[in-house]
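Q: The structure is given below, and queries will be raised subsequently.
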Amino acid sequence: VTLVVVVAIGLISYRDWVVYDELARSAEHARAVSQGAAALLSSVKDAETGQRGFLLTGDLEYLAPYEKALPVVAEQVKRLQAETAGDASSRTVDQLADLVRQKIEELSQSVTIRKAGDLPSAMAVVRTNLGKATMDRIRTTAGALIEQENAELADRTADARKRAIRARTVVLGGTAVL
């Protein structure tokens, strides 16, 4: 009887530990995707801030946030796509990547026109409201992705806690039986 109880405790504890480990990895993945989406949104806002400052002033110093953000945005998009390849979030990340590409193109177009000294044409690009609409869609898509990943993180964390409690109960209960 003692041997059966010890083996049962070992098997149940091992199984719960393996599942707990998988849940922890899944939770970390959800956290990474959520944080990556938030960082990408912030970087796109930085690019937009630099573009606005430059359009308003014509001063190249205002382009610093824009120019700094461009390679960061590209890297963040790649990282998010790699992180979500093959999982449920990949479609949302691909949509977000396409919106970000559109937004960067719009920013680039107005900056290029303004650098050429044509403020009215640069402002005409802004007045189409395409950039605003795209940024609104970026915010909505990134927000949905963050919300989805945070919900997954909460689910995984709750499941992991349940497994930990069960393992503890089995070990303590089995020890009491012995």
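Q: Select from the range 18-77 the residues that are among the acidic types (Asp, Glu), open to solvent by less than 80 Å² (accessible area, probe 1.4 Å) and part of a helix (DSSP H, G or I) and list them in ascending order. Spell out how you get there, then give the answer.
A: So in the range 18-77, the residues among the acidic types (Asp, Glu) come out as 21-22, 28, 46, 48, 59, 61, 67, 75.
If we keep only those that are open to solvent by less than 80 Å² (accessible area, probe 1.4 Å) too, we end up with 21, 46, 48, 59.
Asp21, Asp46, Glu48, listed by residue number.
Q: Considering only residues of the range 112-151 that are polar (S, T, N, Q) and free of Cβ contacts under 8 Å to residues at least 40 places away in the same chain, which is least open to solvent (accessible area, probe 1.4 Å)?
A: The extreme case among them is Thr134.
Q: May I pose another question? May I ask you to list the residues in the range 153-170 that are open to solvent by 50 Å² or more (accessible area, probe 1.4 Å) and either touching a residue at least 60 places away in the same chain (Cβ under 8 Å) or not in a helix (DSSP H, G or I) (or both)?
A: Step one: filter the range 153-170 for residues open to solvent by 50 Å² or more (accessible area, probe 1.4 Å), giving 154-156, 159, 161-163, 165-166, 168-169.
Residues satisfying the conditions are Arg156, Asp159, Arg163, Arg166.
Q: If you take the residues in the range 94-111 that are under 24 Å from Ala30 (Cβ atoms) and either hydroxyl-bearing (Ser, Thr, Tyr) or free of Cβ contacts under 8 Å to residues at least 60 places away in the same chain (or both), which one is surrounded by the most Cβ atoms within 10 Å (Cβ to Cβ)?
A: Ranking the qualifying residues of the range 94-111, first place goes to Leu96.
Q: Let me ask something additional. Return yes when Thr84 is modelled with pLDDT under 95, farther than 30 Å from Arg168 by Cα and of a type in the set (Ser, Thr, Tyr) and no when it is not.
A: Against the criterion (modelled with pLDDT under 95, farther than 30 Å from Arg168 by Cα and of a type in the set (Ser, Thr, Tyr)), Thr84 qualifies.
The values are calculated or read from the model by the stated rules, or taken from the named source; none is laboratory data. Bear in mind that the values here come from a model prediction, so they are computed numbers and not experimental data. Counting neighbours? That spans all protein chains shown, and the Cβs are built from the backbone with ideal geometry, glycine included. We work out accessible area using only protein heavy atoms, side chains counted, and drop any ligands, DNA or RNA first. Shrake-Rupley method; radii C 1.70, N 1.55, O 1.52, S 1.80 Å.
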